[in-house]
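Q: Below you will find the structure I want to go over with you.
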Amino acid sequence: MAGATMRAVQYHGYGGGAAALKHVEIPVPSPKKDEVLLKVEAASINPVDWKIQKGMLRPFLPPKFPFIPVTDVAGEIVNVGSGVTSFKPGDKVLSLLAFGQGGGLAEYAVAPTSQTVERPPEVSAAEAAGLPIAATTALQSLKRGGAKFDGTGNPANVLITAASGGVGLYAVQLAKLANLHVTATCGARNIELVKSLGADEVLDYKTPEGASLKSPSGKKYDCVVHCAVGIGWSTFEPNLSPNGNVIDITPNFSAILNSAIKKLTFSKKQLVPLLAIPKKEDLKYLVELVKEGKLKTVIDSKYPLSKAEEAWAKSIEGHATGKIIVEM
Ligand SMILES: NC(=O)c1ccc[n+]([C@@H]2O[C@H](COP(=O)([O-])OP(=O)(O)OC[C@H]3O[C@@H](n4cnc5c(N)ncnc54)[C@H](OP(=O)(O)O)[C@@H]3O)[C@@H](O)[C@H]2O)c1
(Lines give C-alpha, C1' and ligand atoms only; values in the text may rest on other atoms or scores of the structure.)
Protein backbone atom coordinates (compact mmCIF):
# COMPACT_ATOMS: atom_id res chain seq x y z
CA MET A 1 0.00 0.00 0.00
CA ALA A 2 3.00 2.24 -0.64
CA GLY A 3 1.92 5.86 -1.01
CA ALA A 4 -1.67 5.21 0.09
CA THR A 5 -3.29 7.50 2.66
CA MET A 6 -6.02 7.00 5.24
CA ARG A 7 -8.36 8.96 7.48
CA ALA A 8 -7.33 9.07 11.12
CA VAL A 9 -8.06 11.01 14.30
CA GLN A 10 -5.13 12.47 16.26
CA TYR A 11 -4.38 14.82 19.10
CA HIS A 12 -1.32 17.03 19.21
CA GLY A 13 -0.72 17.61 22.92
CA TYR A 14 -2.01 16.92 26.43
CA GLY A 15 -5.52 18.01 27.42
CA GLY A 16 -8.37 19.51 25.47
CA GLY A 17 -10.72 16.50 25.56
CA ALA A 18 -12.93 15.80 22.56
CA ALA A 19 -12.41 19.29 21.09
CA ALA A 20 -8.69 18.57 20.70
CA LEU A 21 -9.23 15.58 18.40
CA LYS A 22 -8.32 16.42 14.79
CA HIS A 23 -9.33 14.58 11.63
CA VAL A 24 -6.32 14.09 9.37
CA GLU A 25 -5.32 12.31 6.16
CA ILE A 26 -1.98 10.56 6.68
CA PRO A 27 0.05 7.71 5.13
CA VAL A 28 -1.10 4.15 5.82
CA PRO A 29 1.47 2.61 8.25
CA SER A 30 3.63 -0.39 7.27
CA PRO A 31 3.80 -3.50 9.42
CA LYS A 32 7.20 -4.34 10.93
CA LYS A 33 8.57 -7.90 11.07
CA ASP A 34 6.11 -9.32 13.64
CA GLU A 35 3.18 -7.03 12.94
CA VAL A 36 0.09 -7.19 10.76
CA LEU A 37 -1.64 -4.32 8.99
CA LEU A 38 -5.39 -4.22 9.66
CA LYS A 39 -8.16 -2.53 7.80
CA VAL A 40 -9.94 -1.48 10.97
CA GLU A 41 -13.67 -2.22 11.07
CA ALA A 42 -14.43 -1.21 14.65
CA ALA A 43 -12.57 0.22 17.64
CA SER A 44 -13.71 0.61 21.23
CA ILE A 45 -12.83 3.47 23.54
CA ASN A 46 -11.67 2.82 27.10
CA PRO A 47 -11.27 5.41 29.88
CA VAL A 48 -7.49 4.89 29.72
CA ASP A 49 -7.52 6.39 26.20
CA TRP A 50 -8.68 9.81 27.38
CA LYS A 51 -6.70 9.51 30.62
CA ILE A 52 -3.57 9.27 28.44
CA GLN A 53 -4.69 12.38 26.56
CA LYS A 54 -5.18 14.15 29.91
CA GLY A 55 -1.55 13.43 30.74
CA MET A 56 -2.28 10.99 33.57
CA LEU A 57 0.41 8.60 32.32
CA ARG A 58 3.00 11.17 31.32
CA PRO A 59 5.91 11.04 30.65
CA PHE A 60 5.47 7.46 29.39
CA LEU A 61 2.31 7.76 27.30
CA PRO A 62 1.96 8.91 24.70
CA PRO A 63 5.64 8.65 23.74
CA LYS A 64 5.25 11.44 21.18
CA PHE A 65 2.76 13.75 19.46
CA PRO A 66 0.77 13.72 17.29
CA PHE A 67 -0.82 10.56 18.64
CA ILE A 68 -3.64 8.42 17.24
CA PRO A 69 -5.41 7.09 20.33
CA VAL A 70 -7.22 3.77 21.05
CA THR A 71 -5.86 0.24 21.30
CA ASP A 72 -8.90 -2.07 21.04
CA VAL A 73 -9.76 -2.93 17.46
CA ALA A 74 -11.24 -5.55 15.16
CA GLY A 75 -10.68 -5.73 11.43
CA GLU A 76 -9.30 -7.59 8.47
CA ILE A 77 -5.63 -8.24 7.79
CA VAL A 78 -4.46 -6.61 4.56
CA ASN A 79 -0.70 -7.06 4.86
CA VAL A 80 1.75 -8.92 7.13
CA GLY A 81 5.31 -8.24 8.28
CA SER A 82 8.22 -10.30 6.97
CA GLY A 83 8.31 -12.60 10.04
CA VAL A 84 4.58 -13.38 10.19
CA THR A 85 3.51 -16.92 9.35
CA SER A 86 0.42 -17.33 11.55
CA PHE A 87 -1.79 -14.79 9.72
CA LYS A 88 -2.48 -13.90 6.11
CA PRO A 89 -4.33 -11.16 4.25
CA GLY A 90 -8.07 -11.72 4.46
CA ASP A 91 -8.03 -13.06 8.03
CA LYS A 92 -10.60 -11.44 10.33
CA VAL A 93 -9.07 -10.65 13.72
CA LEU A 94 -9.24 -8.62 16.90
CA SER A 95 -6.19 -6.97 18.39
CA LEU A 96 -4.90 -5.04 21.32
CA LEU A 97 -2.61 -2.45 19.73
CA ALA A 98 0.61 -1.49 21.50
CA PHE A 99 -0.09 1.20 24.12
CA GLY A 100 2.88 3.28 23.05
CA GLN A 101 1.75 3.17 19.45
CA GLY A 102 -2.04 3.50 19.72
CA GLY A 103 -3.52 3.85 16.26
CA GLY A 104 -7.08 2.55 16.66
CA LEU A 105 -8.98 5.64 15.51
CA ALA A 106 -7.92 5.21 11.90
CA GLU A 107 -8.88 3.28 8.79
CA TYR A 108 -5.71 1.15 9.03
CA ALA A 109 -3.59 0.17 12.03
CA VAL A 110 -0.56 -2.03 12.71
CA ALA A 111 -0.99 -4.66 15.39
CA PRO A 112 1.55 -6.97 17.06
CA THR A 113 0.85 -10.64 16.27
CA SER A 114 1.46 -11.35 19.97
CA GLN A 115 -1.84 -9.55 20.75
CA THR A 116 -3.87 -10.52 17.70
CA VAL A 117 -6.34 -13.41 17.56
CA GLU A 118 -8.70 -14.79 14.98
CA ARG A 119 -12.27 -13.53 15.00
CA PRO A 120 -14.85 -16.22 14.22
CA PRO A 121 -17.58 -15.22 11.74
CA GLU A 122 -20.21 -15.48 14.51
CA VAL A 123 -18.62 -12.51 16.33
CA SER A 124 -19.18 -9.06 14.83
CA ALA A 125 -16.36 -6.52 14.59
CA ALA A 126 -18.05 -4.29 17.17
CA GLU A 127 -18.54 -7.17 19.63
CA ALA A 128 -14.90 -8.19 19.23
CA ALA A 129 -13.53 -4.66 19.53
CA GLY A 130 -15.15 -4.36 22.95
CA LEU A 131 -13.11 -7.20 24.41
CA PRO A 132 -9.37 -6.46 24.64
CA ILE A 133 -9.00 -4.14 27.64
CA ALA A 134 -12.41 -4.35 29.30
CA ALA A 135 -13.06 -8.10 29.20
CA THR A 136 -9.42 -8.96 29.91
CA THR A 137 -9.52 -6.74 33.00
CA ALA A 138 -12.77 -8.35 34.16
CA LEU A 139 -11.33 -11.84 33.66
CA GLN A 140 -8.01 -11.14 35.34
CA SER A 141 -9.68 -9.34 38.28
CA LEU A 142 -11.97 -12.28 38.94
CA LYS A 143 -9.08 -14.74 38.69
CA ARG A 144 -7.01 -12.61 41.07
CA GLY A 145 -9.99 -12.69 43.44
CA GLY A 146 -9.98 -16.51 43.36
CA ALA A 147 -12.52 -17.28 40.61
CA LYS A 148 -11.95 -20.51 38.70
CA PHE A 149 -13.22 -21.03 35.17
CA ASP A 150 -12.65 -24.78 34.95
CA GLY A 151 -15.51 -25.80 37.22
CA THR A 152 -13.28 -26.40 40.26
CA GLY A 153 -14.07 -23.17 42.13
CA ASN A 154 -16.11 -22.63 45.28
CA PRO A 155 -19.43 -20.84 44.93
CA ALA A 156 -18.01 -17.67 46.50
CA ASN A 157 -19.72 -14.28 46.83
CA VAL A 158 -18.50 -11.45 44.65
CA LEU A 159 -19.44 -7.78 44.59
CA ILE A 160 -18.98 -5.93 41.31
CA THR A 161 -19.10 -2.13 41.53
CA ALA A 162 -20.02 -0.05 38.45
CA ALA A 163 -21.44 -3.24 36.97
CA SER A 164 -23.04 -1.29 34.09
CA GLY A 165 -19.71 -0.07 32.72
CA GLY A 166 -17.45 -1.55 30.07
CA VAL A 167 -15.53 -3.73 32.55
CA GLY A 168 -18.41 -4.35 34.92
CA LEU A 169 -20.84 -5.88 32.40
CA TYR A 170 -18.20 -8.40 31.31
CA ALA A 171 -17.33 -9.06 34.98
CA VAL A 172 -20.95 -9.90 35.88
CA GLN A 173 -21.23 -12.45 33.06
CA LEU A 174 -17.79 -13.97 33.68
CA ALA A 175 -18.49 -14.24 37.41
CA LYS A 176 -21.61 -16.28 36.65
CA LEU A 177 -19.58 -18.54 34.34
CA ALA A 178 -17.27 -19.12 37.32
CA ASN A 179 -20.33 -20.07 39.37
CA LEU A 180 -20.13 -17.13 41.77
CA HIS A 181 -22.98 -15.44 43.60
CA VAL A 182 -22.99 -11.90 42.18
CA THR A 183 -24.03 -8.71 43.92
CA ALA A 184 -23.68 -5.71 41.64
CA THR A 185 -23.96 -1.94 41.89
CA CYS A 186 -25.21 0.34 39.13
CA GLY A 187 -27.63 3.22 38.55
CA ALA A 188 -31.42 2.60 38.67
CA ARG A 189 -31.76 2.71 34.87
CA ASN A 190 -29.45 -0.31 34.44
CA ILE A 191 -30.72 -2.61 37.20
CA GLU A 192 -32.84 -4.80 34.89
CA LEU A 193 -30.01 -5.13 32.34
CA VAL A 194 -27.47 -6.14 34.99
CA LYS A 195 -29.93 -8.71 36.38
CA SER A 196 -30.63 -10.04 32.91
CA LEU A 197 -26.90 -10.74 32.47
CA GLY A 198 -26.86 -12.85 35.60
CA ALA A 199 -26.44 -10.67 38.70
CA ASP A 200 -28.22 -12.27 41.65
CA GLU A 201 -28.68 -9.02 43.58
CA VAL A 202 -28.36 -5.46 42.36
CA LEU A 203 -27.95 -2.28 44.40
CA ASP A 204 -28.70 1.21 43.11
CA TYR A 205 -25.49 3.06 44.00
CA LYS A 206 -27.37 6.34 44.51
CA THR A 207 -29.45 5.00 47.43
CA PRO A 208 -28.17 4.77 51.04
CA GLU A 209 -28.30 0.92 50.84
CA GLY A 210 -26.33 1.00 47.60
CA ALA A 211 -23.77 3.40 49.01
CA SER A 212 -23.27 1.07 52.00
CA LEU A 213 -22.59 -1.86 49.57
CA LYS A 214 -24.49 -4.14 51.94
CA SER A 215 -25.75 -7.30 50.24
CA PRO A 216 -29.59 -7.39 50.44
CA SER A 217 -29.44 -11.05 51.47
CA GLY A 218 -26.76 -10.43 54.09
CA LYS A 219 -23.87 -12.07 52.20
CA LYS A 220 -20.30 -11.12 52.98
CA TYR A 221 -18.10 -10.74 49.92
CA ASP A 222 -15.13 -13.03 49.33
CA CYS A 223 -14.07 -10.80 46.48
CA VAL A 224 -14.92 -7.33 45.21
CA VAL A 225 -14.17 -6.38 41.62
CA HIS A 226 -14.09 -2.64 42.15
CA CYS A 227 -14.76 -0.87 38.84
CA ALA A 228 -16.12 2.37 40.33
CA VAL A 229 -13.99 5.06 41.95
CA GLY A 230 -14.23 7.01 45.18
CA ILE A 231 -15.27 4.24 47.59
CA GLY A 232 -13.03 4.00 50.65
CA TRP A 233 -11.78 0.93 52.51
CA SER A 234 -14.02 1.73 55.49
CA THR A 235 -17.07 1.10 53.27
CA PHE A 236 -15.76 -2.22 51.94
CA GLU A 237 -14.31 -3.60 55.16
CA PRO A 238 -17.54 -4.43 57.10
CA ASN A 239 -18.97 -6.18 54.02
CA LEU A 240 -16.03 -8.54 53.46
CA SER A 241 -15.75 -12.16 54.56
CA PRO A 242 -12.77 -12.85 56.88
CA ASN A 243 -10.44 -13.44 53.90
CA GLY A 244 -12.16 -11.03 51.51
CA ASN A 245 -10.19 -9.24 48.78
CA VAL A 246 -10.96 -5.97 47.07
CA ILE A 247 -9.49 -5.92 43.57
CA ASP A 248 -9.18 -2.22 42.78
CA ILE A 249 -8.74 -1.51 39.07
CA THR A 250 -8.46 2.27 39.50
CA PRO A 251 -6.32 2.53 42.64
CA ASN A 252 -5.44 6.03 43.84
CA PHE A 253 -2.44 6.82 46.05
CA SER A 254 -4.30 6.11 49.26
CA ALA A 255 -5.47 2.70 47.95
CA ILE A 256 -1.90 1.74 47.04
CA LEU A 257 -0.67 2.82 50.48
CA ASN A 258 -3.53 0.95 52.15
CA SER A 259 -2.70 -2.15 50.12
CA ALA A 260 0.95 -2.02 51.23
CA ILE A 261 -0.03 -1.61 54.89
CA LYS A 262 -2.39 -4.58 54.69
CA LYS A 263 0.39 -6.74 53.27
CA LEU A 264 2.93 -5.61 55.87
CA THR A 265 0.52 -6.26 58.74
CA PHE A 266 -0.52 -9.68 57.33
CA SER A 267 -4.13 -8.55 57.25
CA LYS A 268 -6.46 -11.31 56.07
CA LYS A 269 -8.64 -8.83 54.22
CA GLN A 270 -6.60 -7.43 51.37
CA LEU A 271 -6.81 -4.51 48.96
CA VAL A 272 -5.21 -5.50 45.66
CA PRO A 273 -4.43 -2.88 42.99
CA LEU A 274 -4.69 -4.54 39.59
CA LEU A 275 -3.36 -3.51 36.22
CA ALA A 276 -4.51 -5.90 33.50
CA ILE A 277 -1.66 -7.57 31.62
CA PRO A 278 -2.34 -8.26 27.91
CA LYS A 279 -2.40 -12.02 27.29
CA LYS A 280 -3.17 -13.62 23.96
CA GLU A 281 -4.64 -16.72 25.63
CA ASP A 282 -7.13 -14.52 27.51
CA LEU A 283 -8.23 -12.85 24.26
CA LYS A 284 -8.68 -16.27 22.63
CA TYR A 285 -10.71 -17.52 25.58
CA LEU A 286 -12.92 -14.42 25.61
CA VAL A 287 -13.69 -14.36 21.88
CA GLU A 288 -14.52 -18.06 22.05
CA LEU A 289 -17.03 -17.35 24.85
CA VAL A 290 -18.66 -14.69 22.66
CA LYS A 291 -18.78 -17.14 19.75
CA GLU A 292 -20.46 -19.74 21.97
CA GLY A 293 -23.03 -17.17 23.12
CA LYS A 294 -21.78 -17.34 26.74
CA LEU A 295 -20.48 -13.78 26.87
CA LYS A 296 -22.09 -10.66 25.37
CA THR A 297 -20.58 -7.34 24.47
CA VAL A 298 -23.19 -4.82 25.50
CA ILE A 299 -22.86 -1.86 23.17
CA ASP A 300 -23.69 1.54 24.61
CA SER A 301 -23.44 3.38 21.32
CA LYS A 302 -21.80 3.36 17.90
CA TYR A 303 -20.29 6.32 16.06
CA PRO A 304 -18.72 6.63 12.62
CA LEU A 305 -15.05 7.67 12.53
CA SER A 306 -16.21 11.10 11.31
CA LYS A 307 -17.89 11.57 14.72
CA ALA A 308 -15.15 10.03 16.87
CA GLU A 309 -15.08 13.15 19.06
CA GLU A 310 -18.68 12.41 20.14
CA ALA A 311 -17.67 8.90 21.18
CA TRP A 312 -14.69 10.38 23.06
CA ALA A 313 -16.93 12.88 24.89
CA LYS A 314 -19.37 10.11 25.78
CA SER A 315 -16.60 8.08 27.41
CA ILE A 316 -15.31 11.09 29.35
CA GLU A 317 -18.83 11.69 30.74
CA GLY A 318 -18.53 8.33 32.53
CA HIS A 319 -22.12 7.17 31.98
CA ALA A 320 -21.75 4.52 29.29
CA THR A 321 -23.72 1.29 29.63
CA GLY A 322 -21.21 -1.16 28.17
CA LYS A 323 -18.87 -0.31 25.33
CA ILE A 324 -18.58 2.76 23.13
CA ILE A 325 -17.71 1.74 19.56
CA VAL A 326 -16.31 3.71 16.63
CA GLU A 327 -16.88 2.14 13.21
CA MET A 328 -14.67 2.91 10.24
N1 LIG B 1 -6.53 -1.55 35.95
C2 LIG B 1 -6.82 -1.81 34.70
O3 LIG B 1 -6.12 -2.59 34.04
C4 LIG B 1 -8.06 -1.19 34.10
C5 LIG B 1 -8.57 -1.69 32.90
C6 LIG B 1 -9.77 -1.15 32.39
C7 LIG B 1 -10.39 -0.10 33.08
N8 LIG B 1 -9.83 0.39 34.21
C9 LIG B 1 -10.50 1.51 34.95
O10 LIG B 1 -11.69 0.96 35.49
C11 LIG B 1 -12.70 1.96 35.57
C12 LIG B 1 -13.98 1.44 34.90
O13 LIG B 1 -13.74 1.28 33.51
P14 LIG B 1 -14.96 1.08 32.51
O15 LIG B 1 -14.42 0.95 31.15
O16 LIG B 1 -15.86 0.03 33.04
O17 LIG B 1 -15.68 2.52 32.68
P18 LIG B 1 -17.04 3.03 32.09
O19 LIG B 1 -17.56 2.08 31.08
O20 LIG B 1 -16.82 4.46 31.69
O21 LIG B 1 -18.03 3.04 33.37
C22 LIG B 1 -19.21 3.77 33.29
C23 LIG B 1 -20.28 3.13 34.16
O24 LIG B 1 -19.94 3.19 35.53
C25 LIG B 1 -21.12 3.45 36.29
N26 LIG B 1 -20.72 4.07 37.56
C27 LIG B 1 -19.98 5.16 37.75
N28 LIG B 1 -19.77 5.40 39.06
C29 LIG B 1 -20.43 4.42 39.72
C30 LIG B 1 -20.60 4.10 41.10
N31 LIG B 1 -20.05 4.85 42.07
N32 LIG B 1 -21.31 2.99 41.42
C33 LIG B 1 -21.87 2.22 40.45
N34 LIG B 1 -21.74 2.48 39.13
C35 LIG B 1 -21.04 3.56 38.77
C36 LIG B 1 -21.91 4.38 35.41
O37 LIG B 1 -23.29 4.29 35.76
P38 LIG B 1 -24.23 5.61 35.72
O39 LIG B 1 -24.20 6.08 34.30
O40 LIG B 1 -25.55 5.11 36.14
O41 LIG B 1 -23.62 6.62 36.66
C42 LIG B 1 -21.64 3.82 34.01
O43 LIG B 1 -22.59 2.86 33.59
C44 LIG B 1 -12.10 3.22 34.90
O45 LIG B 1 -11.59 4.06 35.91
C46 LIG B 1 -10.95 2.67 34.07
O47 LIG B 1 -9.93 3.60 33.84
C48 LIG B 1 -8.69 -0.12 34.73
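The values are calculated or read from the model by the stated rules, or taken from the named source; none is laboratory data. Bear in mind the structure is a predicted one, so any value in this text is a computation, not a measurement. Note that we place each Cβ from the backbone using ideal geometry, even for glycine, and neighbour counts take in every protein chain shown. Only protein heavy atoms, including side chains, enter the accessible area calculation; ligands, DNA and RNA are left aside. Shrake-Rupley method; radii C 1.70, N 1.55, O 1.52, S 1.80 Å.
Q: Return one whole number: the accessible area per residue of region 1-125 in Å², for a 1.4 Å probe.
A: Per residue, region 1-125 has 44 Å² of solvent-accessible surface.
Q: On to the next question. Taking only Cα atoms of region 53-196, what ratio of Rg to Rh do you get with Rh as the Kirkwood inverse-distance radius?
A: 1.03
Q: Modelling each spin label as a point 7 Å along the Cα-to-Cβ direction, I'd like the A188/V78 distance in nm, to one decimal.
A: If labels sit at A188 and V78, their model points lie 4.9 nm apart.
Q: Pick out, in residue order, every one of the chymotrypsin sites (Phe, Trp or Tyr not before Pro) in region 236-328 that is DSSP loop and has at most 14 other C-beta atoms within 10 Å; say none if there are none.
A: On the way: sites: F236, F253, F266, Y285, W312; in loops: F266.
Those that pass, being in a loop and sparsely packed, are F266.
Q: Let me ask something else. Kindly report the accessible area of region 134-273 per residue (heavy atoms of protein chains, probe 1.4 Å, no ligands, DNA or RNA), in Å².
A: Solvent-accessible surface per residue comes out at 44 Å².
Q: On to the next question. At 1.4 Å probe size, what's the solvent-accessible area of H319? Round to the nearest 10 Å².
A: 100 Å²
Q: Let me ask another. Taking the square root of 5 times each eigenvalue of the Cα gyration tensor, what semi-axes in Å does the equivalent ellipsoid of the chain have, largest first?
A: 35, 21, 18
Q: Please report the spacing between the Cα centers of region 195-268 and region 115-150 in Å, no decimals.
A: So the separation of the two Cα centres works out to 23 Å.
Q: Once R0 is set to 41 Å, what does the formula 1/(1 + (r/R0)^6) return for the Cβ-Cβ distance between K88 and F253, expressed as a FRET efficiency to the nearest 0.05?
A: About 0.30, to the nearest 0.05.
Q: At q = 0.29 Å⁻¹, work out log10 I(q)/I(0) for region 90-157 with the Debye formula, treating every Cα as an identical point scatterer and leaving solvent out; two decimals please.
A: -1.33
Q: Find the eigenvalues of the gyration tensor of the Cα atoms of region 134-273, then list the square roots of 5 times those eigenvalues as equivalent ellipsoid semi-axes, largest first, in whole angstrom.
A: Values for region 134-273, descending: 21, 17, 14 Å.
Q: Follow-up. Direction-averaged shadow area of the convex hull around the Cα atoms of region 224-328, nm²?
A: For region 224-328, averaging the hull's shadow over all directions gives 9.3 nm².
Q: Compute the semi-axes of the equivalent ellipsoid of region 57-129, taking the square root of 5 times each eigenvalue of the Cα gyration tensor, and list them largest first in whole Å. Spell out each step's value before the answer.
A: Working: eigenvalues 105, 42, 19 Å².
They are 23, 14, 10 Å, listed from largest to smallest.
Q: Please find, in a Gaussian network model of the chain (springs between Cα atoms separated by less than 10 Å), the residue of V110, V84, V70 whose mean-square fluctuation is greatest.
A: Ranking V110, V84, V70 by mean-square fluctuation puts V84 first.
Q: For region 115-263, with all protein chains present and a 1.4 Å probe, just round the carbon and sulfur fraction of the accessible area to a whole percent.
A: 55 percent
Q: May I pose another question? Between the DSSP loop rule and a limit of at most 15 other Cβ atoms within 10 Å, which trypsin sites (Lys or Arg not before Pro) in region 28-60 are left?
A: Those that pass, being in a loop and sparsely packed, are K32, K33.
Q: Given just the C-alpha atoms of region 1-113, how large is their convex hull per residue in cubic angstrom?
A: 92 Å³
Q: Considering only protein heavy atoms, with the full assembly of protein chains and a 1.4 angstrom probe, order Y108, Y14, Y170 by accessible area, largest first.
A: Y14, Y108, Y170
Q: Assuming a strict under-30 Å limit between Cα atoms, what lysine pair count do you get for region 259-317 once near-sequence pairs (fewer than 8 apart, same chain) are dropped?
A: 26
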